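The values are calculated or read from the model by the stated rules, or taken from the named source; none is laboratory data. Source: prediction; values computed, not measured. Cβ coordinates were reconstructed from backbone atoms using ideal geometry, including for glycine residues, and neighbour counts include every protein chain displayed. In case anyone asks, the SASA skips ligands and DNA or RNA and just uses the protein heavy atoms, side chains included. Shrake-Rupley method; radii C 1.70, N 1.55, O 1.52, S 1.80 Å.
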Amino acid sequence: MEQKSFYIKTFGCQMNERDSEIMAQSLGTFGYIEGMEIQDADLVILNTCSIRAKAEQKVMSMLGYLRKTKQKNPAMKICVAGCVAQQEGVKIIEKMPHVDLVVGTQNIYNLGEFLENRDEFKGKVITDLQDNYKIPKFLPDMVVDTTNIENSDSPYPKPFRKFLTIMQGCNNYCSYCVVPYTRGREVSRLVSDIVDEVHVLVAAGIKEITLLGQNVNSYGQTNEVFPGRPNYGFADLLKKVAAVEGLQRLRFTTSNPKDLTENLIECFGSIPNLCPQFHLPVQAGSDAVLKRMNRKYTIKTYLEQIRQLRKQCPEIALTTDVIIGFPGETDDDFQQTMALLEEVQFHGSFSFKYSDRPGTRASDFTDKIDETIKSERLARFQNRQDEISLERNKEYIGTIKKIMLETCGEDSAKGRTDTNHIVHIHQNVAAKPGDIISVKINFAGQHSLKGELI
Ligand code: SAH
Ligand code: SF4
Ligand code: F3S
């Protein structure tokens, strides 16, 4: 059989990155090999994101580019997977007839098997979303080479750290968000499947695992994950995973504050290999806006959670997500978001201008905010966050930190602290990626630190 090559371009969140690995592994089982150049690939997969209009535009412009590539290489097959595929389905092929296949978010596991019948997939759309979906047990094949899974600011590919999806979908229907539509109903994987996967990863030399879900705090709430243990929750899972011998660092993302339990907060004081870092998206500083976002918590309860987290783990680095210019956001609402920033002093944040998404409730809200006002508010927010990040990062100067190395060159190296800060070292560290070394921090910038060997 003639060997075929594939190339995967990944957009969006860590879940898509893990899904890309799963597709790569599935293709590998059916004889496909991963190629280095997109233009030479027999099969190009775009694993797409539709969280904001801009994310979707990126996919569309990539597909425009691929139309020309395909003219030069007519044997090339193009597959659109991920959240845009799920949401747009057949419309993608109607708009872009050079696309051969559209695969939804629950249909990636047997991609290789499906493609084995290669001549028949032209124009095919597989986007079934089941309400009672069960995430297949799919153990990672550590031999699969994922060097082409591209995403410039992603921690992939790192042979010593991996993402592990523990749940799929979301039932929260925040009024601005497409995820419940693109990923379907919330379903949690079995504890035993997750723990088996952790064992495989650790045995293969993985030192750091990040557990993934749209709202990991509600793990185990919509289906049974541990037969006979009906109240098994995320904190229980964390303890179980953390106990796997050889796992040095454990992280998770992401969390809706409405489901953050005391049990989970306590984990930051009691699990030694749980990294002191928490991404807790707040979205807005005004209760009125949070209510219209359907977030189901208030700023008062959020601040109390922050206080408890810092009590359990004083060194915890907190980050958040904020949406600027949600429909109806007044100057006063925005001031409250700025006030929250001052109050919490987040180590960092991701902030986005509100973007209308088709099918969401907020897209029907009438009081949309003018683009220039959104841009102006976003700039004010980001400038202040940058200042705060710098101030917080300066607190590390003079301290000694354990760094897990990611790259090591002749006279430079880069790694991460347990708080997830990037540290650059301008020395020969005489160590390899994945090793943990101690450095003294001697410089702080807005987005990274510098350190020297001790
Ligand atoms: N499950 C996570 C969010 C995942 S989406 C949570 O509940 O917090 C990642 C981030 O994208 C969100 O936190 C939000 O800040 C942003 N986002 C989602 N939909 C958006 C929209 N329509 N416009 C702008 N930003 C959006
Ligand atoms: Fe979207 Fe809300 Fe679900 Fe997060 S919790 S994925 S923001 S609907
Ligand atoms: Fe994007 Fe889908 Fe993730 S919309 S952020 S790729 S869940």
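Using a probe of 1.4 angstrom and keeping all protein chains present, the accessible surface of segment 46-112 works out to 40 square angstrom per residue. Each peptide in 161-171, 362-372 was scored by the mean count of other Cβ atoms within 10 Å over its residues; highest first, the order is 161-171, 362-372.
Each Lys or Arg adds one and each Asp or Glu subtracts one; over the other residues with Cβ under 15 Å from the Cβ of H347, this totals -2.
The amide H of S349, built 1.01 Å from its N in the peptide plane, has T320 as neighbours under 5 Å, considering only residues 5 or more places off or on other chains. With contributions of -39500 (n - 2.57) from each DSSP H run of at least four residues, the per-residue ellipticity at 222 nm computed over the chain stands at -10000 deg cm²/dmol.
Count the net charge of all other residues whose Cβ sits under 13 Å from the Cβ of D332, scoring Lys and Arg as +1 and Asp and Glu as -1. Net charge in that neighbourhood comes out at -3.
With the charge dipole of the chain set up from +1 on Lys and Arg Cβ and -1 on Asp and Glu Cβ about the Cα centre, the Cα lying farthest toward the positive end among the listed residues V322, M96, V200 is that of V322.
Short-range pairs are left out: with C-alpha atoms under 8 Å and at least six residues apart, the relative contact order of segment 277-395 is 29 percent.
Excluding Q106 itself, what net charge comes from residues whose Cβ is under 9 Å from its Cβ, given Lys and Arg +1 and Asp and Glu -1?
So the environment of Q106 carries a net charge of 0.
Relative contact order for segment 400-453: 36 percent, from Cα pairs under 8 Å spaced at least 6 residues apart, divided by residue count. The H on the amide N of A81, modeled in the peptide plane, is under 5 Å from the matching H of L46, N47, T48, V103, each at least 5 residues off or on a different chain.
So if we plug the beta-carbon distance of Q57 and Q446 into 1/(1 + (r/R0)^6) with R0 = 45 Å, what FRET efficiency do we get, rounded to 0.05? Given R0 = 45 Å and the Cβ-Cβ separation, E is 0.95.
Calculated FRET efficiency, R384 and E113, Cβ-Cβ r, R0 45 Å, to nearest 0.05? Working from the Cβ atoms, E equals 0.30.
Keeping the other protein chains in place, figure out the carbon and sulfur percent of the accessible area of segment 47-126, with a 1.4 Å probe. Using a 1.4 Å probe with all protein chains present, segment 47-126 comes out at 52 percent carbon and sulfur. Spatially close Lys pairs in segment 157-275, defined by Cα atoms under 19 Å apart and a spacing of eight or more places or different chains, total 6. Highest mean first, the peptides 224-234, 25-35 sorted by other C-beta atoms within 10 Å per residue fall in the order 25-35, 224-234. On a per residue basis, segment 164-315 carries 37 Å² of accessible surface, using protein heavy atoms and a 1.4 Å probe. Checking the cross-link pairs K58/K122; K58/K414; K54/K300; K4/K77; K394/K450; K9/K70 against a 21 Å limit on the alpha carbon distance flags K58/K122; K58/K414; K54/K300 as lying beyond it. With contacts defined as alpha carbon pairs under 8 Å and 6 or more residues apart, what's the relative contact order of the chain in percent? Here the relative contact order equals 10 percent. In a reduced charge model with +1 at each Lys and Arg Cβ and -1 at each Asp and Glu Cβ, segment 339-425 shows a dipole moment near 180 debye about its Cα centre.
Distance from the Cα centroid of segment 186-251 to that of segment 1-32 is 24 Å (rounded to whole angstrom). Of all aspartates and glutamates in the structure, those lying under 18 Å Cα to Cα from K124, and not within fewer than 8 positions of it along the same chain, are D42, E88, E94, D100, E113, E116.
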